[in-house]
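The values are calculated or read from the model by the stated rules, or taken from the named source; none is laboratory data. Note that the structure is a prediction, hence the values are computed from the model and not measured. Note that we place each Cβ from the backbone using ideal geometry, even for glycine, and neighbour counts take in every protein chain shown.
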Amino acid sequence: MEVVVIKVDIGIFPQSYVSDEPESGGFFPFAIDGETSYLYDISFVERKDEKEVEDFVSKWMRVINRFPLYIFFECFDFHQKEIEEECKSKSIEFTESKRRENGFYIKVKVRNIEQFNVIFPYLYANGSMNNFACLSLEEDVFTIGNRNFKNFWGENEKIETPIITLNGNSIVFWVNYDGDSMVIISNDKKYSELSLVINTLPEETDYSVIEYGE
């Protein structure tokens, strides 16, 4: 069987990318509580399609092997029935809540790689449409609340937003804009060095280390 090799760029995001008052359309467009000690970007620079990314991330989660995973994302209404039926048919735990605007939030607990492979395509598809899309290793860190945001005109307004609450050893993966990358947000010392993150990647991964400016 041919081994499919994906090429990724990996680098460290500056702490300046995180703000107590997020911006709509900025980094990061949701609220984060707790210390964001380590920020890494894994960029899918030459991905052919979403299937290539899905296969890569499945292998990645298999290597990391820290189940259960908690998956939380915003979703459009037209996906709701399909996702519900998938979860029920595969005995996957999930909860839903209505968004203030069109669509809904869904939180899913996946216990193994088989369940992950069912749900991740929905997570990645919605993240690629710039809906909030995240997963967390072993702990549920996701809530919804109202926080101050800077809008596109630089004015402050309180809006409904997903909130990530980082505890002592949290590891969260966020699907970046347009699905171009996955960003690791963590304060777990197991992710304190770039080399430690690289060691979690599937062994056939072709990667390059890049630098990000402030």
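Test K107 against the stated conditions and say whether it is in contact with a strand residue (DSSP E or B) (Cβ under 6 Å, 6 or more places away or on another chain) and either surrounded by 17 or more Cβ atoms within 10 Å (Cβ to Cβ) or not in a loop (DSSP other than H, G, I, E, B) (or both).
Yes; evaluated as a whole, the condition is true for this residue.
Consider E74 against the criteria (1) charged (D, E, K, R); (2) more than 24 Å from A31 (Cα to Cα); (3) buried (at least 17 other Cβ atoms within 10 Å of the Cβ): it satisfies all of them except one. Which criterion is unmet?
Here E74 clears every test but (2).
All but one of (1) surrounded by fewer than 12 Cβ atoms within 10 Å (Cβ to Cβ); (2) in contact (Cβ under 8 Å) with a residue 60 or more places away in the chain; (3) under 29 Å from I10 (Cβ atoms); (4) not hydroxyl-bearing (S, T, Y) hold for G168; which doesn't?
Of (1) surrounded by fewer than 12 Cβ atoms within 10 Å (Cβ to Cβ); (2) in contact (Cβ under 8 Å) with a residue 60 or more places away in the chain; (3) under 29 Å from I10 (Cβ atoms); (4) not hydroxyl-bearing (S, T, Y), only one is false for G168: (2).
Considering only segment 1-73, give the strands (runs of 3 or more DSSP E) lying wholly within it that have at least 2 residues that are under 22 Å from S208 (Cβ atoms) and modelled with pLDDT of 85 or more.
Details: elements: 7-12, 31-33, 38-43.
Correct list: 7-12, 38-43.
With the requirement that a residue be out of contact with any Gly (no Cβ under 6 Å at 6 or more places or on another chain) and more than 18 Å from V57 (Cα to Cα), what does segment 196-210 give you?
Scanning segment 196-210 gives a single hit, V209.
Give the residue that is nearest to L69 (Cα to Cα), with candidates limited to residues of segment 117-140 that are in a loop (DSSP other than H, G, I, E, B) and polar (S, T, N, Q).
Per the stated criteria, the residue is N131.
Working only within segment 78-100, note down all residues that are surrounded by 11 or more Cβ atoms within 10 Å (Cβ to Cβ) and aromatic (F, W, Y).
Correct list: F94 only.
Looking at this structure, is E84 free of Cβ contacts under 8 Å to residues at least 60 places away in the same chain, over 30 Å from E203 (Cβ atoms) and either outside any helix (DSSP H, G or I) or out of contact with any Lys or Arg (no Cβ under 6 Å at 6 or more places or on another chain) (or both)?
Taking the combined requirement at face value, the residue satisfies it.
Here are V172, V110: which of them is touching a Cys at 6+ places or on another chain (Cβ under 7 Å) and under 24 Å from V197 (Cβ atoms)?
Details: V110 fails: touching a Cys at 6+ places or on another chain (Cβ under 7 Å).
Unique residue meeting the criteria: V172.
Here's a check for you: in segment 175-196, which residue that is closer than 16 Å to P14 by Cα and of a type outside the set (S, T, Y) is surrounded by the fewest Cβ atoms within 10 Å (Cβ to Cβ)?
In this case the residue turns out to be E193.
Would you please name the residue that is nearest to F28 (Cα to Cα), looking only at residues in segment 122-161 that are modelled with pLDDT of 90 or more and β-branched (V, I, T)?
T161
Could you list, in sequence order, all residues of segment 157-214 that are part of a loop (DSSP other than H, G, I, E, B), of a type in the set (D, E, K, R) and more than 14 Å from the chain's Cα centre (by Cα)?
Within segment 157-214, D188, E193, E203, E204, E211, E214 meet the criteria.
Test each condition in (1) among the hydrophobic types (A, V, I, L, M, F, W, C); (2) part of a loop (DSSP other than H, G, I, E, B); (3) without any contact (Cβ under 8 Å) to a residue 60 or more places away in the chain for F152 and report the one that comes out false.
Checking F152 against (1) among the hydrophobic types (A, V, I, L, M, F, W, C); (2) part of a loop (DSSP other than H, G, I, E, B); (3) without any contact (Cβ under 8 Å) to a residue 60 or more places away in the chain, the one that fails is (3).
Looking at G34, G25, which one is touching a Phe, Trp or Tyr at 6+ places or on another chain (Cβ under 9 Å) and over 20 Å from V197 (Cα atoms)?
After ruling out the rest, the residue left standing is G25.
Please find, among E101, E96, E114, the residue that is under 20 Å from P162 (Cβ atoms) and either modelled with pLDDT of 95 or more or part of a strand (DSSP E or B) (or both).
None of the others qualify; the one that does is E96.
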